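One structure is given below, encoded as structure tokens.
The values are calculated or read from the model by the stated rules, or taken from the named source; none is laboratory data. Note that the coordinates shown come from a computational prediction; the quantities given were computed from them, not determined experimentally. FYI the Cβ positions are ideal-geometry reconstructions off the backbone, even for glycines, and counts take in every protein chain you see. When the accessible area is computed, the model is the full protein with side chains, heavy atoms only, and any ligands, DNA or RNA have been set aside. Shrake-Rupley method; radii C 1.70, N 1.55, O 1.52, S 1.80 Å.
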Amino acid sequence: MRKAIYPGSFDPLTYGHLDIIKRSAEIFDELTVSILDNKMKTPLFSVEERVKMLEEATKEYPNVKIDSFSGLLIDYAKKKDVHVAIRGLRAITDFEYELQIAQTNQLLSHGELETMFLTTNLEYAYLSSSAVKEIAMFHGDLSMCVPEFIAKQMYEKYGH
Ligand code: ADP
């Protein structure tokens with residue numbers, strides 16, 4: 001069985017992430033979308049909230065599972081016996097950062113963890129979780145960025 005992990009913060013999940021999820025789920029037999037519980041960041045949504053969000057948004061994909069992890073991706077992948085990590089590339093600005101992470105993971109895992117990059121659908125290339133948060137903060141239109149139920153939760157967080 002071909003398995004992959006798509007790790008990320010997903011704070012919140014955007015249509016860009018969803019596009020990568022949908023396309024990866026067509027390539028792999030089982031895709032685990034896993035939220036990194038990063039203690040260095042203060043997220044807008046708790047890990048539990050993000051798990052629920054992802055479960056709701058991916059319920060139509062039977063081979064997609066939602067999980068969370070903390071610590072190193074290579075340790076988590078080893079525990080789950082998965083050898084491929086998926087990442088999305090939006091623009092050249094993502095490249096340097098992603099390349100560094102991928103090479104570090106390759107080194108630390110002794111070649112056990114490969115990183116596969118999917119390029120963003122151009123329609124969503126402009127989308128980032130931080131831009132989405134800024135739009136929500138000022139009660140802007142989120143309809144092209146995130147599913148409606150997520151937009152609602154974001155407006156609530158910002159007191160709209
Ligand atoms: P982090 O970099 O904290 O893991 P994210 O949760 O924002 O952040 O992103 C997870 C993955 O999804 C990364 O590989 C990122 O490049 C990718 N990604 C983020 N936004 C988009 C988008 N609009 N289209 C495609 N991929 C994206």
Problem - Selection within region 105-135 - more than 19 Å from the chain's Cα centre (by Cα) and more than 14 Å from the ligand (Cβ to nearest atom) - result: Gln106, Leu107, Leu108, Ser109, His110, Gly111, Glu112
Problem - Meets criteria (aromatic (Phe, Trp, Tyr) and within 15 Å of the ligand (Cβ to nearest atom)) for Phe28 - result: no
Problem - Residues satisfying the stated conditions in region 25-36, i.e. small (Gly, Ala, Ser) and open to solvent by less than 10 Å² (accessible area, probe 1.4 Å) - result: Ser34
Completion exercise
Per the filter on region 5-18, residues within 14 Å of Arg87 (Cβ to Cβ), within 9 Å of the ligand (Cβ to nearest atom) and open to solvent by less than 20 Å² (accessible area, probe 1.4 Å) are Tyr6, Pro7, Gly8, Phe10, Gly16
Fill in the blank from the handout: Conditions (1) open to solvent by less than 40 Å² (accessible area, probe 1.4 Å); (2) more than 12 Å from the ligand (Cβ to nearest atom) -> Ile86 fails only (2)
Handout entry: Which listed residue is farther than 19 Å from Ile5 by Cβ and open to solvent by 80 Å² or more (accessible area, probe 1.4 Å), from Lys22, Lys39, Lys65
Key = Lys39
Practice task
Determine if region 72-82 includes at least one residue that is within 14 Å of the ligand (Cβ to nearest atom), in contact (Cβ under 8 Å) with a residue 12 or more places away in the chain and open to solvent by 60 Å² or more (accessible area, probe 1.4 Å).
Solution key: yes
Practice task
Please indicate, with yes or no, whether at least one residue in region 108-125 is in a strand (DSSP E or B), of a type in the set (Val, Ile, Thr) and touching a Gly at 6+ places or on another chain (Cβ under 8 Å).
Solution key: yes
